[in-house]
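Since the structure comes first, as structure tokens, the remarks are kept for the end.
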Amino acid sequence: MPKRQKLIDELFTTMQQTLELFDGPRAAFLRSYAPGKWTLREMLIHISDAETVLLDRLRRIAAEDNPSLIAFDQDRWQKTLLYDSRDMNIVKMQFQAARRSVIELASGLDDSFDARTGIHSECGTITFAQVAQKIADHNAHHLEQAKAAVEGRTWTKAN
């Protein structure tokens, strides 16, 4: 299986797993995966917001010559962008629309786009392929934490 198709399959699978979390018990939304860490609700909103940022980065890298890509402060977003009161149905739709757009873009562009670059304000030069992989890795990472929160157990980072 070509590398891009494997990534697309992973993006679709993690999308489905994430969408299921939105439909789970509302009581779980208040649980955290570890003391002092984000709740499931906050994590789902973060995943959704990050997906929109990463989609924008993919689009810019694909369409522009070496675009500037600005970092965002996830903790400021959590404190400022109404994470305690956002409509979770809208958050879910935002995530699904952004992820389906990522999959559409990754499916429609040929592999030559993987080498296109942008300049990230903190990381320096990054490629389309790196951003696409970041989307998959970011979601998978938070899915582990989210599942721990749902199950009421503490998540610890695997080495």
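Checking each residue in segment 98-118 for being surrounded by 14 or more Cβ atoms within 10 Å (Cβ to Cβ), assigned to a helix (DSSP H, G or I) and not basic (K, R) picks out A98, S101, V102, I103, L105, A106, F113, D114. Among the residues of segment 76-91, is any under 15 Å from L19 (Cα atoms), at pLDDT 95 or above, assigned to a loop (DSSP other than H, G, I, E, B) and not small (G, A, S)? Yes; the residues of segment 76-91 include at least one that is under 15 Å from L19 (Cα atoms), at pLDDT 95 or above, assigned to a loop (DSSP other than H, G, I, E, B) and not small (G, A, S).
From the residues in segment 8-30 that are modelled with pLDDT under 95 and either part of a loop (DSSP other than H, G, I, E, B) or within 14 Å of the chain's Cα centre (by Cα) (or both), which one is nearest to M88 (Cα to Cα)? By that ranking, first place goes to D23. Residues of segment 72-98 that are closer than 16 Å to V131 by Cβ and in contact with a Ser or Thr (Cβ under 8 Å, 6 or more places away or on another chain): A98 alone. Looking across segment 123-153 at every residue that is out of contact with any strand residue (DSSP E or B) (no Cβ under 9 Å at 6 or more places or on another chain) and not in a helix (DSSP H, G or I), the one that is modelled with the highest pLDDT is identified as G124.
Of all residues in segment 36-58, those satisfying the criterion of being over 20 Å from L143 (Cα atoms) and touching a Leu at 6+ places or on another chain (Cβ under 7 Å) are R57, L58. Number of residues in segment 100-143 that are without any contact (Cβ under 8 Å) to a residue 12 or more places away in the chain and either in contact with a His (Cβ under 6 Å, 6 or more places away or on another chain) or closer than 18 Å to D49 by Cα (or both) equals 2. For segment 63-82, the set of residues classified as within 16 Å of the chain's Cα centre (by Cα) and within 13 Å of I45 (Cβ to Cβ) consists of Q74, D75, W77, Q78, listed by residue number. Here L82, L30, L69 are screened, and the one residue that is free of Cβ contacts under 8 Å to residues at least 24 places away in the same chain and in contact with a strand residue (DSSP E or B) (Cβ under 7 Å, 6 or more places away or on another chain) is L30.
The values are calculated or read from the model by the stated rules, or taken from the named source; none is laboratory data. Here the structure is a predicted model, which is why all the values come from computation and not from measurement. Positions of Cβ are generated from backbone atoms using ideal geometry, with glycine treated the same way; all protein chains shown enter the neighbour counts.
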